Amino acid sequence: VVPPVTAVPLMGFAAIAANRLDTVTVPEGYSVSPFLAWGTPITGTYPAFLADASNSGAEQEMQIGMNHDGIHFFPIDQRSAGENSTEGLLVMNHEYVEPNVLHTAGPVLPRPADQVRKEIAGHGVSVVHVQRQSSGEWQLVNNSPFNRRITANTPMELSGPVRGHAKVLTKYSPDGSRTRGTINNCAHGVTPWGTYLTAEENWAGYFMNTDAQRPREHSRYGVRTDNGRYFWETATPGADQYQRFNASTLAAEATEDYRNEPNTFGWIVEIDPFNPDSMPQKRTALGRFAHEGIVFADAVEEQPLVAYSGDDARNEYIYKYVSNTPYYHNTAGGHLLNDGILYVARFNDDGSGDWLALDVTNADFMAKASAAGVVFSDQADVLLNTRLAADVAGATKMDRPEWGAVHPDTGEIYFALTNNTSRTEQQTDAANPRANNATGHIIRWHERDNAAAMAFDWDIFLLAGDVGTATPGTDLVLNADSHHASPDGLWFDPRGVLWIQTDMSGSQQSSGPFGNNQMLAADPVSREVKRFLVGPRECEVTGVIMTPDLKTMFVNIQHPGDRSAADNFTSNWPDGGSNRPRSATVVITKDDGGVIGS
Ligand code: FEO
Ligand code: CA
Ligand code: CA
Ligand code: CA
C-alpha cells in the first residue's frame, strides 16, 4: 500500500473543455503520448506492424490486440511486496475487433480462415513487460519472458463448481475441464494476491444455434439464431477451432459437437502474469453473465474474501461473491475463488439494500425457485444460469451496471450505471430513478458491519447529464467543466480520487453537448467533478491505472474512428495523416514530475 500523499491538493488541475478534436487533450501542465498501439509486436519473432493492415493472423498472435479496455500495472517486484514505479508488467484486455480496420480492405464473406485467425488473435489479453527510460519515455522490454499474448484460442481450464458438469462437455474437452479462449473482455480485476482477472462481457453474440429448442443457457444470454457476430463459424477452410462457434446440435452426443461451447464463456478468468506458462483459469463460482469487471473489498485477515461484479445489459443485476473459507495473506490464491456463495443485490426504495443468496442450500432461494416453476439440478446449474437465478431471487433490475470501484479508506463501493433507454416511467425505482435514462448515473453503498454483511445502505452519488443536471439531495449540479454522459470505467486512485470514464455512443458524441468520450475526476466527499482528459474522435475512454508513485498514468483509448468504413476512416489517431485508427494506451505525466491529478 502506497503511503498517502497529503502534501498536494486532491484535484488541483484546471478542468479542460469538452471538444470534438481527433487527439487526446489533457490539462495544462500535463503531457500525453501513445504507447502499445494495436499491432505493436510484443513476442515471438516481433513482426513489425504494417500500416496497411496486411499482417497475417499468425503475426497478429505476436502483436498487441485491438480495442484496449481494462488495464493494470504490476510493479516488477510486486511478488516481494515492492512498489517499483519504473518497471513492471502492463496487462490489458482487447475487448473486440473492428474488421473494417483490422483487414486491409475489410472483411470478406464467407470468412477466409486467415481473416478469422487474425480476428481471434486480435481478442484476449496482452501481458507486456515495460520500463521507463532515463529520458522519461516508457518502452517495451524486448525478449522479456513475461511478454505474452492470450487470445480467443488460448487453452483455458474451467475451475470451480461447473468444472466437469454435463453442460460443459465438448468435443474439445469431453470431460468438461477445459475450453479455448476468452472473448469480449471488458473491464478487469486484480486479486489481493497479485493476479489479473479478465471479464467476459458480450460473449453470447459470437455464437449461433439454429436448434428449434434452444437451452436456457443460450437463450437467456442472447446466443444468436442466425450467425455469429463475425461469422467465425463460416471460416474457409474450416477447422474445429472456428466451427465451435456454431453451437447447434449436430451429433448424437454432447462430446461430439459444440452445443455446450457457449456454456464455457461468460466467466471471470484468472491469469497469473508472472507465470507465463500458467494456464488461465475460468472461475465459475463467480457466476455466468455479461461480466463487465470485478472489484474486491479490502481483503481482511481471517475474514471471507468479498468481490463485486456487474452484468452490463439493460435491466440486469449487481452481484457479490463471498468466499466460504477465510482470507489469509500467506496462503491466499485462486482457491478462494472456487468455493463461495454468490449473492445478488436488491436496492430497496428506502435506501436500504439486501444481498440475496443464489444457492441451492439456501431454503429461501429454493422456495422462490419452486414458486416460479424453475428447477435447478445443482449449484453448477444455478451458476450456468445466474441471470435466471437472480430473476427468481427478486433482485433489482439496474440501468446497465458497468465498472465498480472501492474507496481506499471508507470501503464504500461505487458502480457506474451507464444508461438504459428502455426503462419506462412505470419501471423506475429509487435506485434507477429516470425513465429513458440516456445519460446514466453512479450509485454507491456501504455494507453494514463488514464486507460480508447481508445488508447495506445506498445512495446515488451522481446523475450524469447536460449542464444543469442536479443530483437530488446533494449540492451537485453539473457545469461546463463536469457535464458528461454514459459513465462506464471507474477507478479510485490510492489518494481517494474517483476517476470516471465515459462510453457515449457515436450519435451521443456527435449530437450532444458532451464532445468526445472523456475522463473526469471526482472528489467523493465534496462531489466536485472536473474533466481531465478528452479522447480522439469516436473512441471510448476505458481503463486507467497509475504506477505506485502516482507519477505515471496509463489510460486506454478504445476504438478511435468507431464508425470507420474500410475505405473511409473517421479518425486517424494516433498516427495522423490518412492512417487507419489504432486503439492504444496513452502515458500521462505531469510536466513538473508531480502526482497525477494534484
Ligand atoms: Fe464493454 Fe459494458 O462495456
Ligand atoms: Ca465498459
Ligand atoms: Ca460501455
Ligand atoms: Ca467498449
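What follows is calculated from the coordinates using simple rules that are stated; it is not laboratory data. All values derive from a computational prediction rather than experimental measurement. Here Cβ is always computed from backbone atoms with ideal geometry, including for glycine, and neighbour counts include all displayed protein chains.
Things to note:
- Loop-exposed trypsin sites (Lys or Arg not before Pro) per DSSP, neighbour cap 13 Cβ within 10 angstrom, longest uninterrupted part of the chain: 21-447
- Exceeding the 32 Å Cα-Cα cut-off - candidates LYS282/LYS397; LYS397/LYS590; LYS118/LYS397: LYS397/LYS590; LYS118/LYS397
- Placing a pseudo-label 7 Å from each Cα along the Cα-to-Cβ vector at ALA212 and ALA470 gives an inter-label distance of 6.0 nm.
- Taking the helices alone, the chain has a mean residue ellipticity at 222 nm of -2000 deg cm²/dmol, built from -39,500 (n - 2.57) per DSSP H run of at least 4 residues and averaged over all its residues.
- Here the spin labels are modelled as points 7 Å beyond Cα on the Cα-Cβ line, and at SER578 and SER422 they lie 4.2 nm apart.
- Computed from the C-beta positions of ASP378 and ALA17, the FRET efficiency with R₀ = 56 Å rounds to 0.50.
- Among beta bridges that DSSP assigns inside the stretch 30-590, antiparallel share in %, nearest 5: 95
- Global geometry of the stretch 301-454, whether rounded, prolate or oblate, following the gyration tensor of its Cα atoms and the 1.5 cut on a/c: oblate
- Of interest is the spacing of the C-alpha centroids, which for the stretch 4-70 and the stretch 497-514 amounts to 18 Å.
- 3J(HN,Hα) couplings calculated from phi for the stretch 405-415 with the Karplus curve 6.51 cos²θ - 1.76 cosθ + 1.60 (θ = phi - 60°) are, in sequence order, 8, 10, 5, x, 9, 7, x, 5, 10, 10, 10 Hz; Gly and Pro show x.
- Gain on full extension, evaluated as 0.36 nm per residue between ASP339 and THR361 minus their Cα-Cα distance, stands at 6.6 nm.
- Extension gain from ARG314 to GLU28, taking 0.36 nm per residue of separation minus the Cα-Cα distance: 99.1 nm
- Reach of LYS551 by Cα under 20 Å, taken over aspartates and glutamates that are not fewer than 8 positions away in the same chain: GLU28, ASP77, GLU83, GLU87, GLU137, ASP493, ASP523, ASP591, ASP592
- Cα-based reach from LYS320 at 13 Å (exclusive), listing aspartates and glutamates while leaving out same-chain residues under 8 positions away: ASP311, ASP354, ASP359, GLU447
- Taking 12 Å as the straight-line reach from the Cα of LYS530, the aspartates and glutamates in range (excluding those fewer than 8 positions away in the same chain) are ASP481.
- Rg and Dmax [Cα atoms of the stretch 475-544; Å; Rg one decimal, Dmax integer]: 11.8, 36
- Counted residue by residue at 0.36 nm each, then reduced by the alpha carbon distance between them, the extension gain from ALA371 to ALA166 reaches 71.2 nm.
- In Hz, Karplus ³J(HN,Hα) per residue of the stretch 443-459 (6.51, -1.76, 1.60; θ = phi - 60°; x = Gly, Pro): 10, 9, 8, 10, 6, 6, 6, 8, 4, 7, 4, 8, 9, 8, 10, 10, 8
- Note on the chain: the alpha carbon radius of gyration divided by the globular reference 2.2 N^0.38 Å gives 0.91.
- Loop-exposed GluC sites (Glu not before Pro) per DSSP, neighbour cap 15 Cβ within 10 angstrom, longest uninterrupted part of the chain: 303-598
- Inter-probe distance in nm under a simple model that places probes 7 Å from Cα toward Cβ, at SER135 and ALA565: 4.0
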